[in-house]
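Visitor: Sharing a structure with you now.
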Amino acid sequence: IPIYQDAFQPAAKEIGIGLQTVAKTLHIVLAPIAGLVWGYDRVKEFVQTRVAEKLRNVPIENIATPEPHVVVPALIALSYTAHQENLRELYANLLATSLDSRTCELAHPAFVDIIKNLSPDEARIMRLASTKAMFPVIEVRNVHTTTNHFSTIFHNFSSVGKEAGCDHPAMTPAYLNNLCRLGLLDLPGQGSFGMPTLTAPNTYEPLENDEEIIAQKKQVESVEGHQIQFRRGMVLVTSFGRQFCQACVIEKE
């Protein structure tokens, strides 16, 4: 046994040194993150200031002890998401909603986990969704005119990300998919032949004439036998999404 120990000792030492180096590096790269994690005192201060501000117009007699299965997870989630202002505001509104006896029934316990699954840009989209019930979207296809076979260039192309002021508007199709997965939005008719469309004039033309789409159209139609085809659709705010907006997005009057 001592012979084997001696044989492997240099390698073991090297591994040990390597692990120490990795540990030190992790300490360095995670140090800024550690500073973003809020302790109980900071969460408490936030509730006593920002949440209190949201409740300033609520009569004192209407401020009541909230349901712990909503508030406790929200307070815990605040400890590691509070550095993102858009998400922090959603939690603050949810806490204010749950503390008001007139609106506490709107504070669904699922909303805490939903906010956990949102990016800051998706929070911006839901803020826009609180003011509009539906948005136009298009699917952009590269169609072979002879065989009628096609490939999809853009799924759910829309101006929602730009309108919402997203930091990464090119990610809007993925954002919409996630918001649909969470039950806040819906893309009716996706995958079928009968997608409903919006009928207001000049609804889809701005999307179909977007600079990015025009550039794709020129590229596709430069190849003989290929053309661009649009499939129009819409994204809707679900009833659950409207409840989310009431509880977490819209500021209390």
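The values are calculated or read from the model by the stated rules, or taken from the named source; none is laboratory data. Because the structure is predicted, anything quoted here is derived from the model rather than measured. Glycine gets a Cβ as well: all are built from the backbone with ideal geometry, and neighbour counts include every protein chain shown. Note: accessible area is taken over every heavy atom of the protein model, side chains too, but ligands, DNA and RNA are not part of it. Shrake-Rupley method; radii C 1.70, N 1.55, O 1.52, S 1.80 Å.
Visitor: What are the residue pairs meeting all of these: first residue in the stretch 162-185, first residue open to solvent by 30 Å² or more (accessible area, probe 1.4 Å), second residue basic (Lys, Arg), Cβ atoms under 8 Å, and 6 or more apart or on different chains?
Guide: The qualifying pairs are 165/124; 169/162.
Visitor: For the subset of the stretch 203-246 comprising residues that are touching a Pro at 6+ places or on another chain (Cβ under 9 Å), within 28 Å of residue 148 (Cβ to Cβ) and aliphatic (A, V, I, L, M), which member is surrounded by the fewest Cβ atoms within 10 Å (Cβ to Cβ)?
Guide: Of everything passing the filter in the stretch 203-246, 207 is surrounded by the fewest Cβ atoms within 10 Å (Cβ to Cβ).
Visitor: If you don't mind, there's one more thing I want to ask. For the list (1) modelled with pLDDT of 95 or more; (2) over 26 Å from residue 167 (Cβ atoms), I need the number of the one condition that residue 127 fails.
Guide: (2)
Visitor: So for the stretch 102-114 (the condition being in contact with a strand residue (DSSP E or B) (Cβ under 8 Å, 6 or more places away or on another chain), surrounded by fewer than 15 Cβ atoms within 10 Å (Cβ to Cβ) and in contact (Cβ under 8 Å) with a residue 24 or more places away in the chain), does at least one residue qualify? Walk me through how you get there before you give the answer.
Guide: Step one: list which residues in the stretch 102-114 are in contact with a strand residue (DSSP E or B) (Cβ under 8 Å, 6 or more places away or on another chain), which gives none.
No - not one qualifying residue is present in the stretch 102-114.
Visitor: So, one more: Going by the structure shown, is residue 249 modelled with pLDDT of 90 or more, open to solvent by less than 50 Å² (accessible area, probe 1.4 Å), within 22 Å of residue 88 (Cβ to Cβ) and out of contact with any His (no Cβ under 8 Å at 6 or more places or on another chain)?
Guide: It is true that residue 249 is modelled with pLDDT of 90 or more, open to solvent by less than 50 Å² (accessible area, probe 1.4 Å), within 22 Å of residue 88 (Cβ to Cβ) and out of contact with any His (no Cβ under 8 Å at 6 or more places or on another chain).
Visitor: Would it be correct to say that residue 196 is open to solvent by less than 60 Å² (accessible area, probe 1.4 Å), in a loop (DSSP other than H, G, I, E, B) and either in contact with a strand residue (DSSP E or B) (Cβ under 9 Å, 6 or more places away or on another chain) or over 21 Å from residue 111 (Cα atoms) (or both)?
Guide: Spelling it out, residue 196 is indeed open to solvent by less than 60 Å² (accessible area, probe 1.4 Å), in a loop (DSSP other than H, G, I, E, B) and either in contact with a strand residue (DSSP E or B) (Cβ under 9 Å, 6 or more places away or on another chain) or over 21 Å from residue 111 (Cα atoms) (or both).
Visitor: Condition (residue is more than 30 Å from residue 111 (Cα to Cα), free of Cβ contacts under 8 Å to residues at least 60 places away in the same chain and surrounded by 12 or more Cβ atoms within 10 Å (Cβ to Cβ)) applied to the stretch 138-146: is it met by at least one residue?
Guide: Looking through the stretch 138-146, none of the residues is more than 30 Å from residue 111 (Cα to Cα), free of Cβ contacts under 8 Å to residues at least 60 places away in the same chain and surrounded by 12 or more Cβ atoms within 10 Å (Cβ to Cβ).
Visitor: Then there is this: Give me the residue from the stretch 35-44 that is in contact with a Phe, Trp or Tyr (Cβ under 9 Å, 6 or more places away or on another chain) and either modelled with pLDDT of 65 or more or among the basic types (Lys, Arg) (or both) and, out of that set, most open to solvent (accessible area, probe 1.4 Å). Give the derivation first.
Guide: We begin by selecting, within the stretch 35-44, every residue in contact with a Phe, Trp or Tyr (Cβ under 9 Å, 6 or more places away or on another chain); these are 36-38.
Retained after the next criterion (residues that are either modelled with pLDDT of 65 or more or among the basic types (Lys, Arg) (or both)): 37-38.
Numbers: 37: 77, 38: 33 Å².
Ranking the qualifying residues of the stretch 35-44, first place goes to 37.
Yes/no matrix, rows are residues, columns are (1) under 22 Å from residue 127 (Cβ atoms); (2) modelled with pLDDT of 85 or more; (3) part of a helix (DSSP H, G or I):
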| position | (1), (2), (3) |
| --- | --- |
| 33 | no, no, yes |
| 46 | yes, yes, yes |
| 49 | yes, yes, yes |
| 61 | no, yes, yes |
| 80 | yes, no, yes |
| 90 | yes, yes, yes |
